[in-house]
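Next up is a structure, given as structure tokens.
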Amino acid sequence: MLKFLHLICGTTFFGIMIAAFFYISLSIKKNDRSLINYALRTSYFGDGIIFFLVVIQFITANKLVYAGHFTLAIPWIFIAYHAFGAVILLWLSILFIKLISLSKIHISPIALKIFYLLNIMLILIFIIIIHDAVTQSTWFDFLIRK
């Protein structure tokens, strides 16, 4: 049951981020300010949900590691924790850009490029986390070798 909750929360986080990214991107492409504002407000609601999902993810991850008698010395678990930390920092950066830059009437092209870059990085890191969890191995052993 705990693993199911962990997977559902992670999948929901990933899905909300992708949906918000595409919804905001398409509204910006249409260049309709009311649609952009609506997309941003909708994404803020999703960000509120994501906040609770992050808390649940950390709680369930810690309980799963403890129940499975794993440690952070296992490479794929070490990478997953740190990658999820990076995902959270990216999510917070995206939220900051939405609040500061995308909510303005005239959106800066640099802010838009940063918004796209951060979302793409978040998606790629999430894919790495999913890969490592499914295979229980990582391609990034070289980061933690002694």
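Quick check on the stretch 1-17: of everything there that is touching a helix residue (DSSP H, G or I) at 6+ places or on another chain (Cβ under 8 Å) and of a type outside the set (A, V, I, L, M), which residue is surrounded by the most Cβ atoms within 10 Å (Cβ to Cβ)? Full working, then the answer.
The first filter runs over the stretch 1-17 and keeps only residues touching a helix residue (DSSP H, G or I) at 6+ places or on another chain (Cβ under 8 Å), leaving 2-3, 5-6, 9-10, 12-14, 16-17.
In the following step, the residues that additionally are of a type outside the set (A, V, I, L, M) were identified as 3, 6, 9-10, 12-14.
On the way: Lys3: 12, His6: 19, Cys9: 22, Gly10: 22, Thr12: 17, Phe13: 24, Phe14: 19.
The qualifying residue surrounded by the most Cβ atoms within 10 Å (Cβ to Cβ) is Phe13.
Which residues, counting only those in the stretch 18-35, are open to solvent by 100 Å² or more (accessible area, probe 1.4 Å) and either touching a strand residue (DSSP E or B) at 6+ places or on another chain (Cβ under 7 Å) or outside any helix (DSSP H, G or I) (or both)?
Asn31, the sole residue that qualifies.
Of the numbered conditions (1) open to solvent by 20 Å² or more (accessible area, probe 1.4 Å); (2) touching a residue at least 12 places away in the same chain (Cβ under 8 Å), Lys113 fails exactly one; give the number of that condition.
Among (1) open to solvent by 20 Å² or more (accessible area, probe 1.4 Å); (2) touching a residue at least 12 places away in the same chain (Cβ under 8 Å), the lone unmet condition for Lys113 is (2).
A follow-up question, please. Could you please find all residues in the stretch 1-53 being farther than 19 Å from Ile125 by Cβ and of a type in the set (Phe, Trp, Tyr)?
Of everything in the stretch 1-53, those that are farther than 19 Å from Ile125 by Cβ and of a type in the set (Phe, Trp, Tyr) turn out to be Phe4, Tyr23, Tyr38, Tyr44, Phe45, Phe52.
Would you mind stating whether Val65 is assigned to a helix (DSSP H, G or I) and touching a Ser or Thr at 6+ places or on another chain (Cβ under 9 Å)? Walk me through it before giving the result.
On the way: assigned to a helix (DSSP H, G or I): yes; touching a Ser or Thr at 6+ places or on another chain (Cβ under 9 Å): yes.
Yes; evaluated as a whole, the condition is true for this residue.
Additional query: Against the conditions (1) closer than 24 Å to Ile8 by Cβ; (2) free of Cβ contacts under 8 Å to residues at least 60 places away in the same chain; (3) surrounded by 13 or more Cβ atoms within 10 Å (Cβ to Cβ), where does Tyr38 fall short? Just the number, please.
Here Tyr38 meets the rest and fails (1).
Being β-branched (Val, Ile, Thr) and open to solvent by less than 30 Å² (accessible area, probe 1.4 Å) is the filter here, so list the residues in the stretch 80-110 that pass it. Before the answer, list the steps.
So the first thing to find is which residues in the stretch 80-110 are β-branched (Val, Ile, Thr), and the list is 87-88, 94, 97, 100, 105, 107, 110.
Residues satisfying the conditions are Val87, Ile88, Ile94, Ile97.
Going residue by residue through the stretch 116-133, is there one that turns out to be among the small types (Gly, Ala, Ser) and either outside any helix (DSSP H, G or I) or at pLDDT 85 or above (or both)?
Checking the stretch 116-133: not a single residue is among the small types (Gly, Ala, Ser) and either outside any helix (DSSP H, G or I) or at pLDDT 85 or above (or both).
For Ala73, all conditions in the list (1) open to solvent by 20 Å² or more (accessible area, probe 1.4 Å); (2) small (Gly, Ala, Ser); (3) part of a helix (DSSP H, G or I) hold save one; what is the number of the exception?
If we test Ala73 against (1) open to solvent by 20 Å² or more (accessible area, probe 1.4 Å); (2) small (Gly, Ala, Ser); (3) part of a helix (DSSP H, G or I), just (3) comes out false.
The values are calculated or read from the model by the stated rules, or taken from the named source; none is laboratory data. Just so we're clear, the structure is a prediction, and the values are computed from it rather than from any experiment. So basically every Cβ, Gly included, is an ideal-geometry build from the backbone, and we count neighbours across all protein chains shown. For the accessible areas, the whole protein counts, side chains as well, though only heavy atoms, and no ligand, DNA or RNA atoms are used. Shrake-Rupley method; radii C 1.70, N 1.55, O 1.52, S 1.80 Å.
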